[in-house]
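Working notes, beginning with the structure itself.
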Amino acid sequence: MLLKNGLTYGGDSAGAAVLGPNLRGLDLLDDPAEAPETLFEGLGITPFVILPHWGNEKYKNEIGDANKELSKWNKEIVKISDTQACVVDGDEIVIHGEQTADLLG
């Protein structure tokens with residue numbers, strides 16, 4: 001696999017979320033009817049799902065609902081704001097960037 005050989009992958013929003021094992025719940029953020037096919041299996045590159053836009057007032061309700069549904073299907077969810085990045089290097093996971101207020105309670 002290219003990632004194991006040193007390739008760096010970067011993705012934001014859905015581009016980060018697809019790295020996890022399961023995407024159920026993320027369909028609440030985008031209308032699956034707009035896609036030609038709906039897949040709920042993630043790439044499984046990370047053992048957790050990244051939930052982007054955490055704390056963004058614009059997506060407050062949708063993100064809260066997605067978090068509840070994701071929790072049913074995934075053991076771990078890493079929530080990051082629009083000013084943060086999740087960096088995975090081997091077994092090390094670091095969240096970089098500015099912490100924003102948790103508007104979702």
*With the checklist (1) surrounded by fewer than 16 Cβ atoms within 10 Å (Cβ to Cβ); (2) more than 10 Å from the chain's Cα centre (by Cα); (3) closer than 24 Å to Gln99 by Cβ in hand, flag the one item Asp31 doesn't pass.*
(3)
_Residues being under 11 Å from the mean Cα position of the chain (by Cα) and either at pLDDT below 90 or surrounded by fewer than 19 Cβ atoms within 10 Å (Cβ to Cβ) (or both) - total across region 54-68_ = 1
_Residues that are assigned to a helix (DSSP H, G or I), under 13 Å from the mean Cα position of the chain (by Cα) and over 13 Å from Leu23 (Cβ atoms): does region 69-84 have at least one?_
yes
*Could you list, in sequence order, the residues of region 8-48 that are assigned to a loop (DSSP other than H, G, I, E, B), over 28 Å from Asp89 (Cβ atoms) and modelled with pLDDT of 90 or more?*
Pro36, Glu37
_I'd like the residue in region 74-95 that is surrounded by 16 or more Cβ atoms within 10 Å (Cβ to Cβ) and over 24 Å from Leu7 (Cβ atoms) and, out of all such residues, is modelled with the lowest pLDDT._
Asn74
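The values are calculated or read from the model by the stated rules, or taken from the named source; none is laboratory data. Quick caveat: nothing in here was measured; it's all calculated off a predicted structure. Glycine gets a Cβ as well: all are built from the backbone with ideal geometry, and neighbour counts include every protein chain shown.
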